[in-house]
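A.B. asks: Pasting a structure here, questions to come.
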Amino acid sequence: MTASSEKPLQTATRLVAAGRRPEWTGTPDHPGAVVNPPVWRASTHLYPDMAALRRHPGNADGHFYYGRRGAPTQWALAEALTELEPGAQGGGTVLYPSGVSAICGALLTVLRPGDTLLLTDNAYEPSRAMARGLLADFGVKTVWFDPMDSTAFAALCPGAAAVLLEAPGSLTMEVPDMPALIGAAKAQGLAVLVDNTWASPLGFAPLAHGADISIMSLTKHVSGHSDVVMGSTTAAAEWYGKLRLRSQNLGLVVSPDDAAIMLRGLRTMGLRLEASTAAALAVAQWLATRPEVARVLCPMLPGSPGHEHWRRDFTGGCGLFSFVLKGGTAKARDALIDALALFGIGYSFGGFESLATPVDPAAIRTASPWPRADMDPADRFAVRLAIGLEDPTDLIADLEQALAAWTAAQ
Ligand SMILES: *Cc1c(COP(=O)(O)O)cnc(C)c1O
């Protein structure tokens, strides 16, 4: 959906007002009658007469046509996300059935057979799998790069068609120098895609920093309640049109029920991000004082890889970070996670509940080693924490007894 032109409001205000067009939340004789757009369940859309069918503006946003093009529930969510993305004015947002589908939709929009994709070595694992599988099968070559080496990255850009960035990386949380990477890629004419799931547009603005397409798994922070899966791409006008057509070619659609749940989550995203960021920082600071912990990989924490880039370029954090144990075994790390009472074991983040998962990136890295060069090679077992909305003092107490279980399991 295209964003309406509005005078700039503060983010908290935009989170409340975004996408709530009166014509989508009411009837012609009572526009804006309800706060939220109703759930429009529809595959068939009807025309009053043949003249109306002939008059239809074709493939334009915001017009009833057929169920695959959505209805006001999905249009309101897409428009809200556009309004929240600095630099997307005049463009729009495409919704996808998952974050992975959004990444795929964006890559299939910018790449052609014979092209080279540059992919950050700390990317979300399904993005790596997509490059090795689907993209390779369709004649796209992938070159992996160390996101913390901007100079080496610039040397890879000539001749490449596109780059997929992530900031910070999904497991090891390095924050690259995004302006340097984006600048080097744009200087060589690459299409620049950013998986912005960790920060959301509240914490980092890819388009305003010169990127072409901002990608999010809405499953995480926007939903916020661990009950719905969805993704989005947001771009200025030129790429938005192409993303939208490619998504239509792929026949992608999201359900109005899911869009309504997503809109509900969106309204409180700012408050949830603030709370989980503050709690994550408190937990990270405590872990950094522990003798069992070799390294805390938390973008908001001084000393974490790329913390200075986070401080310079980001306007917020989130609850997701990792920590590395001092030596130990995989079995002891499993004992630590099993001993946690307040953390679920699950591969996600952005929900109201805290989660813990093991992190083992050594086997999948190709351009940057794990453990990192500045780490002791014996320190390789890590845990990723997604901090939710619990009181951090309870989470810290839980981690304290779990670290004791780790020591006992050595
Ligand atoms: C979860 C996630 C995705 C995929 O999102 P789904 O909605 O689960 O498909 C993509 N990128 C990152 C960084 C993620 O954390």
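A.B. asks: What is the gain in length, in nm to one decimal, between LEU46 and ARG311 on full extension, counting 0.36 nm per residue of separation less the C-alpha to C-alpha distance? Show your work: numbers first, answer last.
C.D. replies: Working: separation 265, 0.36 × 265 = 95.40 nm, distance 5.21 nm.
Gain on stretching LEU46 to ARG311: 90.2 nm.
A.B. asks: For the chain, what is the accessible area per residue in Å², given a 1.4 Å probe and the full set of protein chains? Working shown, then result.
C.D. replies: On the way: 16960 Å² over 410 residues.
Spelled out: the 1.4 Å probe surface of the chain, per residue, equals 41 Å².
A.B. asks: Another question about this same structure. Around LEU245, what is the net charge, scoring Lys/Arg as +1 and Asp/Glu as -1 over all other residues with Cβ under 14 Å from its Cβ?
C.D. replies: On the way: positive: ARG68, ARG69, LYS242, ARG244, ARG246; negative: ASP61, GLU238.
Net charge around LEU245: +3.
A.B. asks: Then there's this: For region 77-150 and region 170-247, write down the distance between their C-alpha centroids in whole Å.
C.D. replies: Answer, in whole Å: 8.
A.B. asks: Provide the percentage of antiparallel DSSP beta bridges, counting only those with both residues in the chain; round to the nearest 5.
C.D. replies: Numbers: 26 of 44 bridges.
Percentage antiparallel, nearest 5: 60.
A.B. asks: Count the net charge of all other residues whose Cβ sits under 14 Å from the Cβ of VAL229, scoring Lys and Arg as +1 and Asp and Glu as -1.
C.D. replies: Details: positive: LYS220; negative: ASP227, ASP257, ASP258.
Net of charged neighbours comes to -2.
A.B. asks: Report the Cα centroid-to-centroid distance between region 39-53 and region 23-37 in angstrom, as an integer.
C.D. replies: Measuring centre to centre over Cα atoms gives 18 Å.
A.B. asks: Something else now. Which shape class, rounded, prolate or oblate, goes with region 11-267 when its Cα gyration tensor gives a ≥ b ≥ c as root eigenvalues, a/c under 1.5 marks rounded, and past that a/b bigger than b/c marks prolate?
C.D. replies: Working: a/c = 2.19, a/b = 1.70, b/c = 1.29.
The shape class here is prolate.
A.B. asks: Tell me, what % of the accessible area of the chain is carbon and sulfur with a 1.4 angstrom probe? Write out the running numbers ahead of the final one.
C.D. replies: Details: 9740 of 16960 Å².
Of all accessible area on the chain, carbon and sulfur atoms account for 57 percent.
A.B. asks: May I pose another question? Might you work out the accessible area of TYR240 for me, using a 1.4 Å probe with all protein chains in place, and round it to the nearest 10 Å²?
C.D. replies: 20
A.B. asks: On to the next question. So what's the net charge close to ALA161: Lys and Arg +1, Asp and Glu -1, counting the other residues with Cβ under 11 Å from its Cβ? Spell out each step's value before the answer.
C.D. replies: Values: positive: ARG112, LYS141; negative: ASP115.
In short, +1.
A.B. asks: Something else: Starting from the Cα of ASP61, step 7 Å along the direction of its Cβ; do the same at ARG112; then give the gap between the two resulting points in nm.
C.D. replies: A separation of 2.6 nm, rounded to one decimal place.
A.B. asks: Can you pull the one-decimal nm distance between simple spin-label points at ALA208 and ARG132, each 7 Å off the Cα toward Cβ?
C.D. replies: Roughly 3.7 nm, to one decimal.
A.B. asks: Does region 270-409 come out rounded, prolate or oblate, given a ≥ b ≥ c as the square roots of the eigenvalues of its C-alpha gyration tensor, rounded meaning a/c under 1.5 and, failing that, prolate meaning a/b above b/c? Kindly include the intermediate steps, with their values, before the conclusion.
C.D. replies: Working: a/c = 1.64, a/b = 1.09, b/c = 1.51.
Oblate shape, in that a/c is at least 1.5 and b/c is the bigger or equal ratio.
A.B. asks: At what distance in nm do the modelled label points of GLN248 and GLN410 sit from each other, each positioned 7 Å from its Cα along Cα→Cβ?
C.D. replies: 6.3
A.B. asks: Protein chains only, probe 1.4 Å: how do GLU292, GLU125 rank by accessible area, largest first? Don't skip to the end; give the middle numbers.
C.D. replies: Working: GLU292 25, GLU125 65 Å².
In descending accessible area the options line up as GLU125, GLU292.
A.B. asks: Order the peptides 321-331, 191-201 from the highest to the lowest mean number of other Cβ atoms within 10 Å of their residues. Numbers along the way, then the final one.
C.D. replies: Details: 321-331: 18.7, 191-201: 26.2.
So the order, starting with the most tightly packed, is 191-201, 321-331.
A.B. asks: Turning to a different aspect of this structure: Relative contact order, percent, of region 269-359 when contacts are C-alpha pairs under 8 Å separated by at least 6 residues? Display every interim value, and only then the final one.
C.D. replies: Details: 107 pairs, mean separation 23.0, N = 91.
25 percent.
A.B. asks: Which whole-number percentage describes the relative contact order of the chain, with Cα contacts under 8 Å and a sequence gap of 6 or more?
C.D. replies: Working: 870 pairs, mean separation 65.4, N = 410.
16 percent.
A.B. asks: So what is the relative contact order of region 69-216, in percent, for Cα pairs below 8 Å that sit 6 or more residues apart? Before the final figure, lay out the partial values.
C.D. replies: On the way: 238 pairs, mean separation 34.0, N = 148.
Over region 69-216, the number comes to 23 percent.
The values are calculated or read from the model by the stated rules, or taken from the named source; none is laboratory data. Note that the structure is a prediction, hence the values are computed from the model and not measured. For neighbour counting, all protein chains shown are included, and Cβ atoms are generated from backbone atoms with ideal geometry for every residue, glycine included. Each accessible area value is taken on the protein alone, full model and side chains, heavy atoms only, with ligands, DNA and RNA left out. Shrake-Rupley method; radii C 1.70, N 1.55, O 1.52, S 1.80 Å.
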